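Below is one structure; the comments refer to it alone.
The values are calculated or read from the model by the stated rules, or taken from the named source; none is laboratory data. What you see is a predicted model, and the numbers here were worked out from it, not measured in a lab. Here the Cβ is made from the backbone with ideal geometry for all residues, glycine too, and neighbour counts use every protein chain on show. Note: areas computed on protein heavy atoms with side chains; ligands, DNA, RNA excluded. Shrake-Rupley method; radii C 1.70, N 1.55, O 1.52, S 1.80 Å.
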Amino acid sequence: MPVTNKKKLGRDTAVQGTNDSSVVSKVSAAAQGYFQDVYLQHFVCKESRRAPLINRGYYVRWRAVDHCVRRFLEKTSNCPKRQILSLGAGFDSLYFRLHSSGVLTNAVVFEVDFPDVARRKSALINSNNTLKEMLDSDGQCLTEPLYFSSSQYLLLGVDVRELPQMGKALDLAGFVWTAPTLILSEVVLTYMETKWSDSVIKWTADHLPQSLFVIYEQIHPFNPFGRIMQEHFRKLNSTLYALQKYPDAEAQRRRFLDNGWEQCVCLDMNSFYFGLVPEVERLKIENLEPFDEYEEWHQKCSHYFILTASRGSLTAHDILSQPLSPLTVTGPSYSPISLPVRTVSICTEGLGMGSVSLCPNAVLLTGGSSKGGREAQMGLLLENKHSWKCIKVASSGDLGVRLYHTVSAIPEKAAIVLGGRTSPLNPVKSICKLTIDPSCTLDLEGQDNVKFDVEQIVCDGGPSVSRWRHTTTLVSHKGKTHFYFIYFMLFMFFFLSSDVTFFIAGKDFLFVFGGKNETQVIVGEGSFMDISQYLWTEVPVEGAAPEARFSHTACSYQGGVVIFGGLGKRGVPLGDTTLLRATNSGFRWQSLDIKPTPVARYSHCAHVIGDKLLVVGGVWFCSHVPGVAVINLSTQSSMEYHLDVTSVPWPLMLHSFCSELTDSKKELLLIGGGGNCFSFGTHLNQQPAVVDLRLIDWDNK
């Protein structure tokens, strides 16, 4: 299948370019201590430090491939001859680091790539004394297709799609077809049309009776992250062909079994990372650099997989086991109804913003980050005649740049802004009170600006507020009521006047829970702020507190709080529901046993309607974006609803976003959201979206 036309040649050149970018990212991860490889640096002209998200992504890629390769070498250590055949090897340093660690006894590494790539790599090896010393040959460039030859390392320049030519080249290089062989394809086959990549998979199964195929590639093309991932590679003229025909792990597994392989295990990278990487190693990796891109990290891992397929004697070896994973989802119940979503024709791009409803259909937005950078300004969304508009907000003071902070409404059309960060190393310590200027109203048609007074609050007697990804919730506590006072109230009500209404005024507190602090520690305790005098107050709380977490939700409910989800200390999304109930003396924690179990998630939003907790969006460790979960707090039951986003013309990412109920509680306004999609670019939701809640069965028990 010779490649001759200019269009295909252009695609091949673009694919070769992905090698250059990949090796620079691997060098960056190695330089920051994510893994040990001193040989990669010799294959780049200039080192470049990547963002922590990229470093983590290339670490887990390296770790998964290294796990499989070393397990293969361990299981075949007694064989007189074993081989590694790396397809599309690029500038990988696999041979050099394996040789330096002494695990290549009786093993030969064959690398195959385009002739231009093989020629460049051969020249780099020949010009570098460190690399040449690792070989028992003078490294003299040979004629095509054999560009480098030594007793344990051979470099071939062949188009992998041209299988007869590759077979002849391997014969020329001394390849032993009956020896135990590991075939490695690290993001290679997906760049080929599936008629060619399927042929490679079948050809290796037919010609290598004792073999193990290890492949690392992308999956899940149809959700928002997958759409952005595909578009990125299309712009590079490097289409990911395999995604359309083999979109998930099960399809990839069936692909190998249908093409001659006897056993196959396929794991996405979340399952690999949490199931097969030891906890001690994970903690080390997670503490290497300041980090706060959890949503993008977990989505990246859910969109890549590691697969092993085996034949012959290799089927008896446990190279890639199916781990006992904490990520298993146990039977959420899905409604057959999907909730319609439509967009609103105003622009509110941003992630990590804070939002609060100050009055019916008036939503204040604060802080966040957009394509223009981090924002210190405020905005106001107003609904007029079933349409929304965004108006300017002026302020008397500086709110400061904040992401992942909280904004909580308090009486008199005011709000408290607490916490947040400018970066993972710079938490915001100040607390601000926002009050609408008395001369302004929020219900005038045509109003184009509103002014808020910004007051810095000094709150004594309590914990540090240098935290982000936390929650703040307004709770009310009446305290102990003496019997004689109750008797007096009843007497006044029944005997003096039936027209007089008496009530015992409660005390309002702002309850702060969870989040991360300035030392990157996940916070578990809760704190109470007396908002009448801005004082941290000790309030008795009974019962076992929920697990420490961040990016959870906390909603006011019956004078207390209902907490759902979040990301815990293990780094795994939580799906628990916990109440903080008011008592005569304070509050009490109560864990609810919701059945069926809702989808675990974090970076979501939640609202209470009656006795129902409405949970929307978020991130979990599966392929699709969570929709809406309705949790009945009385019956402790739940129902999940998918979102119908066919009318949304761009990928709707529901993390790092805000949401507010409309006054009628029949619609949910989703504002902002999105993030940095690994190395594929940043996506921000372009407009607010509205979820129609009228199809929900609110009476479902």
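Return one whole number: the accessible area per residue of the stretch 570-677 in Å², for a 1.4 Å probe.
Counting only protein heavy atoms, the per-residue value for the stretch 570-677 is 31 Å².
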Report the percentage of all Cα-Cα pairs in the stretch 73-179 whose separation exceeds 23 Å, rounded to a whole percent. 22
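Run the dipole for the stretch 390-438 about the Cα centre, Lys and Arg Cβ at +1, Asp and Glu Cβ at -1, nothing else charged, and hand back the magnitude in debye, nearest 20. Intermediate results must be reported in sequence, preceding the final value.
Values: 6 positive and 3 negative charges, 31 e Å.
Approximately 140 debye in magnitude.
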Show me the GluC sites (Glu not before Pro) within the stretch 85-171 that DSSP assigns to loop and that have at most 14 other Cβ atoms within 10 Å of their Cβ. E133
Karplus-derived 3J(HN,Hα) from phi for the stretch 182-195 (6.51 cos²θ - 1.76 cosθ + 1.60, θ = phi - 60°), whole Hz, x at Gly and Pro, runs 9, 9, 10, 10, 9, 6, 10, 4, 5, 7, 9, 4, 4, 5
Once the dipole of the stretch 176-276 is set up with Lys and Arg at +1 and Asp and Glu at -1 on Cβ about the Cα centre, which of F213, L182, F225 lies farthest towards its positive end? F225
Sticking with the crude label model, points 7 Å out along Cα→Cβ, report the distance from D663 to D20 in nm, one decimal please. 6.0
Pop a pseudo-label 7 angstrom from the Cα along the beta-carbon direction at both N106 and K46 and give the gap in nm to one decimal. 4.8
Using the Cα centre of the chain as origin and beta-carbon charges of +1 (Lys, Arg) and -1 (Asp, Glu), tell me which of H477, S86, H552 is placed farthest towards the positive end of the dipole. S86
Size of charge dipole - the chain - debye, nearest 20, with Cβ of Lys, Arg +1 and Asp, Glu -1, no other charges: 780
Lys/Arg Cβ at +1, Asp/Glu Cβ at -1, dipole of the stretch 232-282 taken about the Cα centre: which of L267, F256, S238 is farthest positive-ward? S238
What are the lysines whose alpha-carbon lies under 24 Å from the alpha-carbon of K46, with same-chain residues fewer than 8 places away excluded? K26, K121, K132
Ranked output for segments 253-263, 396-406 by mean other Cβ atoms within 10 Å, highest leading, reads 396-406, 253-263
Taking 0.36 nm per residue of separation between N78 and N237 and subtracting their Cα-Cα distance, the length gained on full extension comes to 52.8 nm
Going 7 Å from the Cα of Q32 in the Cα-to-Cβ direction, what parts of the stretch 286-305 have a backbone nitrogen less than 14 Å from that spot? 286-294, 296-298
Could you work out the helix-only [θ] at 222 nm for the chain, with each DSSP H run of four or more residues adding -39,500 (n - 2.57) and the total divided by the number of residues, to the nearest 500 deg cm²/dmol? -7000 deg cm²/dmol
Over the chain: Rg over Rh, Cα atoms, Kirkwood Rh: 1.05
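Can you compute the FRET efficiency between H624 and E538 using 1/(1 + (r/R0)^6), with r the Cβ-Cβ distance and R0 = 51 Å? Round to the nearest 0.05.
0.70
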Descending semi-axes in whole angstrom, ellipsoid equivalent of the stretch 284-389, from the Cα gyration tensor: 45, 22, 13
Enumerate the amide H contacts of I84 below 5 Å, restricted to partners 5 or more residues apart or on another chain; note that Pro and chain-start residues carry no placed amide H. V108, V109, F110, L182
Kindly flag which residue pairs out of K300/K516; K433/K507; K429/K569; K433/K516; K371/K392; K300/K666 have an alpha-carbon separation exceeding 25 Å in this structure. K300/K666
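I'd like the carbon and sulfur percentage of the solvent accessible area for the chain, probe radius 1.4 Å, heavy atoms only, ligands and nucleic acids excluded.
For the chain, the apolar C and S fraction of the accessible surface comes to 52 percent.
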Have a look at the DSSP beta bridges in the chain and tell me what percent are antiparallel, nearest 5. 80
Output the 0 to 90 degree angle, nearest 10, between the alpha-carbon long axis of helix 163-172 and the longest principal axis computed from the alpha carbons of the chain. 60
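Between beta-carbons, use under 13 Å as the cut-off and find the net charge around C45, counting Lys and Arg +1, Asp and Glu -1.
Values: positive: K46, R120; negative: D20, E47.
Within the 13 Å Cβ shell, the charges total 0.
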